[in-house]
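The structure under discussion appears below in the form of structure tokens.
Quick note: the coordinates plus some simple rules give every number you see, no bench work behind them. Worth saying up front: this structure is predicted, and the values here are computed from it rather than measured. Every residue, glycine as well, gets a Cβ built from its backbone with ideal geometry; the counts of neighbours run over all protein chains shown.
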Amino acid sequence: MKRVLLLGLCLSASSAFAANPVLLETPVAYAPDARGVEKVKSECRVDDLLTRHIGDVLRKLNKTGDGTIASQTDAGGASILRVQITNVFGVGGGAWSGPKATTVLADLIEDGKVIRHTRVNRWSVGGMWGGFKGTCSILDRTAIVIAKDLGRWVRDPSYQIKEEAPPQEASAPTAQIDPQKAE
């Protein structure tokens, strides 16, 4: 029994070492038709937040390097994760101005071909003490969750990233107008 267990551990360890690393293509860029408030996009640098967090997740998965590779660089047999930002939802004012969201499209590329594609949209209202956080720190929270989602998605081909609905605070209540009271 011990031999079977030892053999199983050796085989699983060798297959883990044989797996190709996945590297984040940098820079993470905005899609040509990306939406969002320009001031928030430029001040919060969501592209840099995503690069840092996704790169860290991939570095840990690969157990080597920094997890990123510059665009147009030979990947040397590694798979490439290309991420484009399509939406940065939110305005200045931190949690007081409502929830914030980041949406990205991601392609997993092997040998120059897209083998998988996904869309990730994550919302945050700042979490604990959100009222004391700024817009950029709330968007940083969305980047952290996107990085974790993409790390799992890269690692597990069967994993499907579920669309996250906006928090209750993002939906304005619909006003019911009483025709008799309308003036």
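Quick notes
- Amide H to amide H distances under 5 Å link residue 116 with 108, where only residues 5 or more positions off or on other chains count and H is placed in the peptide plane.
- Placed amide H near residue 23: partners under 5 Å, 5+ positions off or other chain: 79, 80, 81
- Each of 24, 143, 117 was placed along the dipole of the stretch 20-163 (beta-carbon charges, centred on the mean Cα), and the one lying farthest toward the positive end is 143.
- Of all aspartates and glutamates in the structure, the ones whose alpha carbon falls short of 18 Å from that of residue 41, not counting any fewer than 8 places away in one chain, are 33, 140.
- Calculated from backbone phi, Karplus (6.51, -1.76, 1.60) coupling profile of the stretch 151-163 in Hz, x at Gly/Pro: x, 5, 4, 5, 6, 10, x, 8, 6, 10, 7, 7, 5
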